[in-house]
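Take a look at the structure set out below.
The values are calculated or read from the model by the stated rules, or taken from the named source; none is laboratory data. These numbers were taken from a predicted model, which means no experiment stands behind them. Cβ sites come from the backbone with ideal geometry, for glycine too, and all protein chains shown count toward neighbours. Remember, those area values only see protein heavy atoms, side chains included, never the ligands or the DNA or RNA. Shrake-Rupley method; radii C 1.70, N 1.55, O 1.52, S 1.80 Å.
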Amino acid sequence: MRHLLLTISLAIYLSNWSSPQEPEPSYIILLNKTFSDIPIIWQEDEPFAQAGDWLKALQLKYHLREDGIHLEAPNKIAFFWSKEANYINVKDRIVEVTPLQQQDGYFWIPIHSLARLLGLEAIVNAEKYVVKLTSPLKGIEARQNDGSWLVTLTFGYPLPEFPKTATLRQPDRAYADFFGAVLKQVELPEIKDGSLLKGFRLGQFSNEPAIVRFVADVLEPVTIRLAGREISEKGFEKWHLLIQPASKPNQWLGQIFIKENEPKRAVVLILGWLEGGLNLSQSAKIVTVSLPEKPLFGSDLSLSNDGILESVALETEVSGTKLTISLRE
């Protein structure tokens, strides 16, 4: 994997609720982050958490209004949740929800309903006052291509970080750990050509933090690398892994990410294995990167803030790909 790094140096007593209670000291685990200071009202059917910045741990943007909350998720899902709503339309899905509650200017969010809206898995332990929201595994696909295997794992909600990939010996195997994920029963792909792979395995490697581990059992030493990430039309997140024989890997370019764009620092990730490296040149505020391959997956190079990068453009050519980066200063 080649990285291009640019650096310029939640008690409150709710008297109008059914069976009102005081908030309890509670733990809420959001993907891979744990919070112990969020007030939660433990109603019989569903816990309610006070709206606040803990929503950002789900990579949510939220805007409070007098009559409800507007939420925007990182998987192209956006909706308005009003105090009267019993159903919300989310990407052509009609989701039944418990209405928001409001008291003294604060909104309280029903946790199970939030999970259904976003595609998360809600695990609630009322005895221990613990709420956990994780991203469920939805499926796994694999296809062979020129001696390599491209494996795609799909999750119900975007994970908070890139998966960790590595290989192990005796016996030979490759694995990827997905943080903030929960294992659900899915059908494993059938391996028809066993020249490189013997089979796949999945497991809940850890519950706290939540980690799903994917394992590829192989017949010889291999490499495993992240090749790309995509968001489906339904809002599911797809992670693409490329497995190759270590003895004769093929050159490839997966995808290009803008990981960071701040006033003094920017990070552009180039996912791939390029035998001959890359060519980089700079003229004034323009940085040009010449890559000898075409990307396997499309790249979203839009910029959401006024960082050091002014624009990033990708152009495919006969001989490969040209990446043009314009700097503000």
* For the range 224-272, what number results from the quotient of the Cα radius of gyration and 2.2 N^0.38 Å? -> 1.44
* To do: Rank these residues by their accessible area, most exposed first, probe 1.4 Å: F162, F214.
  => F162, F214
* Structure fact -> Projected onto their principal axes, the Cα atoms of the range 104-183 stretch, largest extent first, over whole-Å spans of 62, 26, 18
* Asked: So which GluC sites (Glu not before Pro) in the range 235-290 pass both tests, a DSSP loop state and at most 11 other Cβ atoms within 10 Å of the Cβ?
  -> E275
* Counting only protein chains, not ligands or nucleic acids, how are S326, S195 ordered by accessible area (probe 1.4 Å), most first? -> S195, S326
* To do: Percent of Cα-Cα pairs per 10 Å bin, from 0 to the last occupied bin, for the range 179-329, please list those.
  => 9, 29, 32, 21, 8, 0
* **When the range 202-247 is reduced to its Cα atoms, the Kirkwood hydrodynamic radius in Å** => 12.8
* To do: With all protein chains present, calculate the accessible area of F48 using a 1.4 Å probe and round the result to the nearest 10 Å².
  => 10
* To do: Sort Y157, Y87 by accessible area with a 1.4 Å probe, largest first.
  => Y87, Y157
* On the accessible surface of the range 167-263, probed at 1.4 Å, how many percent belong to carbon and sulfur atoms? -> 46
* To do: Give, to the nearest whole percent, the P(r) tail of the chain beyond 34 angstrom, counting all Cα pairs.
  => 36
* Can you check what the Kirkwood hydrodynamic radius comes to for the range 147-234, Cα pairs only, in Å to one decimal? => 14.0
* Evaluated at 4 °C with a viscosity of 1.567 mPa s, what Stokes-Einstein diffusion coefficient in µm²/s does the range 248-329 have when Rh comes from the Kirkwood expression over alpha-carbon pairs? -> 98
* Averaged per residue, what accessible surface does the chain expose to a 1.4 Å probe, in Å²? -> 50
* Asked: How much accessible surface area, in Å² rounded to 10, belongs to the heavy atoms of D146 with a 1.4 Å probe?
  -> 120
* To do: For the range 253-298, just say rounded, prolate or oblate: build the C-alpha gyration tensor, square-root its eigenvalues into a ≥ b ≥ c, call rounded for a/c under 1.5, and beyond that prolate if a/b exceeds b/c, oblate if not.
  => oblate
* **Principal axis box of the range 35-128, alpha-carbon based, largest edge first, Å** => 36, 29, 24
* Of the DSSP beta bridges with both residues in the range 82-206, give the percent that are antiparallel, rounding to the nearest 5. => 95
* Structure fact -> With a 27 Å threshold on alpha-carbon distance, the violating pairs from K184/K294; K184/K259; K132/K234; K164/K248; K61/K259 are K184/K294; K184/K259
* Asked: Share of the range 36-140's accessible area from carbon and sulfur, percent, 1.4 Å?
  -> 43
